[in-house]
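Have a look at the structure below, then the notes.
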Amino acid sequence: MVPLPFRIKVKNAESGATVEMELENDNTIDEVIESAATFWNKEMGAYVVRKGKKVLRGTMALADAGVREDDMLELVPDPEGG
Amino acid sequence: MGRPRIVGEIRKPVLELMPPSATRPHAWLSPDAAKRYKATCATRETFDVYLSSLAENKILEQSMNAAPKMLEVMGLLLGEVRSWKGEIYTIVRDVGTTDLKNSPAKVKFDPEALPRLFADLDRADFDYVVVGWYHSHPGHTCFLSRTDMRTQKAMFSQSFHCAIVIDPLNREIEAFKLRGDGYIGVPFTIVDGGFPRMRRLRTLGGGQVGQALQ
């Protein structure tokens, strides 16, 4: 059976821009971050992605992470100072 | 399995709005920063950065609390991007932070404490943009280190993005932006009252819809 694609929104906190992204349940959080970071020409490792107050990490599939149609995720900068 | 596909983007417009006029210099400006402040008052209508007294107090308090142990502190600057007469300026309304992994020479958010940072973001009562970041250099004066520059270039490379550095021991504070391969100090000011609300929206080119941020 072919999985049905669904759409979510991903906000870039450091510009306020939002992309609409089409994905499948077995896509991973890393793939979402990579797609958004590439689109905005950003370093993937410099960000964390959140859904509400929850950090979404790494290789977890979207379905397992509880990401659903029309969800809004946010790419938040994770700076380091020295 | 297909790769995620981006099907559209909505960019946040820049508001065309006169900057606040009731402002004051920060009491901890370094001699260089004080010169920039005076020059801006004399020759320009717009500072690069307008820092609310609410944000200023939070930065000051956090950095002072960690100063006795010489620990660096850090957070995100939450605000808006505006323009006036063709000049982009940055409003910092509030800050967001959380527990840190910090030492006298390094600072990062504690990954386990990110939900508290997200709660700060959610508490903002406006449609925030992370317009930059702040951190402290206890006893080391204000500048951007190699680590700071990596952060600035990776995350805060737009013209409106700034870095505020505070030294609570030497009682200094400065705002910086990227310029070319390096960085420069930029004039900033403190706003005690609120910020004016949006009256109209237009592009820098004079159209009816705001200029998009990258």
To the nearest 0.05, the calculated FRET efficiency linking A:M60 and A:E22 through their beta-carbon distance, R0 being 22 Å, is 0.70
Taking the Cα atoms of region B:22-212 alone, what are Rg (to one decimal) and Dmax (as a whole number) in Å? 16.3, 53
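If you take every residue apart from B:K12 with its C-beta less than 12 Å away from the C-beta of B:K12, what net charge results, scoring Lys and Arg +1 and Asp and Glu -1?
On the way: positive: A:K11, B:R11, B:R82; negative: A:E14, B:E9, B:E80, B:D127.
Value of the local net charge: -1.
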Burial of 50 Å² or greater, region B:131-166 residues [accessible area, probe 1.4 Å, versus chain by itself]: B:A154, B:M155
Compute the acute angle (0 to 90°) between the alpha-carbon long axis of helix A:29-39 and the principal axis of greatest extent of the alpha-carbon atoms of chain A; round to the nearest 10°. 60 degrees
Using a 1.4 Å probe, what is the accessible area per residue for chain A, in Å²? 44 Å²
Which one, A:L73, B:S63, B:P115, is farthest towards the positive end of the dipole of the protein assembly as shown when Lys and Arg carry +1 and Asp and Glu -1 on their Cβ? B:S63
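Determine the share of the protein assembly as shown's accessible area contributed by carbon and sulfur atoms, expressed in whole percent, with a 1.4 angstrom probe.
On the way: 6950 of 13390 Å².
On the protein assembly as shown, the fraction of accessible area on carbon and sulfur atoms equals 52 percent.
Near B:V191, within a Cβ-to-Cβ distance under 11 Å, what is the net charge of the other residues, with Lys and Arg +1 and Asp and Glu -1?
Details: positive: B:R24, B:R93; negative: B:E56, B:D192.
It works out to a net charge of 0.
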Distance histogram for region B:1-133 (every C-alpha pair counted, 5 angstrom bins, percent rounded to whole numbers): 2, 9, 14, 17, 17, 15, 12, 8, 3, 2, 1, 0, 0
Cα-centre dipole for region B:1-61 with unit charges at Cβ (Lys and Arg positive, Asp and Glu negative), debye to 20: 220 debye
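What fraction of the DSSP beta bridges in the protein assembly as shown is antiparallel, stated in percent and rounded to the nearest 5?
Details: 53 of 72 bridges.
Restricted to the protein assembly as shown, the bridges split so that about 75 percent are antiparallel.
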If you place +1 on the Cβ of every Lys and Arg and -1 on the Cβ of every Asp and Glu, how big does the dipole about the Cα centre of region B:22-212 come out, in debye to the nearest 20? 540 debye
What stretch of chain B, leaving out the sites themselves, is the longest with no trypsin sites (Lys or Arg not before Pro) in a DSSP loop having at most 14 other Cβ atoms within 10 Å? B:86-170
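What net charge is computed for the residues neighbouring B:N65, neighbours being all others with C-beta under 14 Å from the C-beta of B:N65, Lys and Arg scored +1, Asp and Glu -1?
On the way: positive: B:K58, B:K69; negative: B:E61, B:E72, B:D99.
Value of the local net charge: -1.
Before we go on, tell me the buried accessible area for the B/A pair, both chains summed, 1.4 Å probe, in Å² to the nearest 100.
Numbers: alone 11630 and 5490 Å², together 13390 Å².
Summing both sides, the interface buries roughly 3700 Å².
Which FRET efficiency value, to the nearest 0.05, do you get for B:M70 and A:D70 by plugging their Cβ-Cβ distance into 1/(1 + (r/R0)^6) with R0 = 45 Å? Provide the component values of the computation, followed by the final result.
Working: r = 47 Å, r/R0 = 1.05.
Approximately 0.45, to the nearest 0.05.
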Which trypsin sites (Lys or Arg not before Pro) from region A:1-66 combine a DSSP loop assignment with at most 13 other Cβ atoms within 10 Å? A:K53
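Averaged over its residues, how many other protein chain Cβ atoms are within 10 Å of peptide A:25-34's Cβ atoms?
Numbers: counts 1, 2, 5, 2, 0, 0, 4, 1, 1, 2.
The mean count of partner-chain Cβ atoms within 10 Å per residue comes to 2.
In debye to the nearest 20, how big a dipole does region A:6-77 give about its Cα centre with +1 on each Lys and Arg Cβ and -1 on each Asp and Glu Cβ?
Details: 10 positive and 14 negative charges, 83 e Å.
Approximately 400 debye in magnitude.
Summarise the partner chain shielding of B:104-114 as one whole number: the mean count of Cβ atoms from other chains within 10 Å of each residue's Cβ. Please report the intermediate quantities before stating the final value.
Numbers: counts 0, 2, 3, 4, 5, 6, 0, 4, 1, 0, 7.
Going residue by residue through B:104-114 and averaging, the value is 3.
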Could you name every residue in region B:1-23 that has 20 Å² or more less accessible surface in the full protein assembly than in its own chain alone (probe 1.4 Å, ligands and nucleic acids excluded)? B:M1, B:G2, B:R3, B:P4, B:R5, B:I6, B:V7, B:G8, B:E9, B:I10, B:K12
Count of lysine pairs in chain B with Cα separation under 18 Å (8 or more residues apart, or interchain): 8
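Please say if the protein assembly as shown is rounded, prolate or oblate, where rounded means a/c under 1.5 for a ≥ b ≥ c the square roots of the C-alpha gyration tensor eigenvalues, and otherwise the choice is prolate for a/b larger than b/c and oblate otherwise?
Working: a/c = 2.20, a/b = 1.41, b/c = 1.56.
Since a/c reaches 1.5 but b/c is at least a/b, the shape of the protein assembly as shown is classed as oblate.
The values are calculated or read from the model by the stated rules, or taken from the named source; none is laboratory data. Keep in mind it's a predicted model, so treat the numbers as computed, not measured. All Cβ positions, glycine included, derive from the backbone under ideal geometry; neighbour counts span all protein chains shown. Ligands, DNA and RNA are stripped out before the accessible areas are found, and what is left, the full protein with its side chains, is counted by its heavy atoms. Shrake-Rupley method; radii C 1.70, N 1.55, O 1.52, S 1.80 Å.
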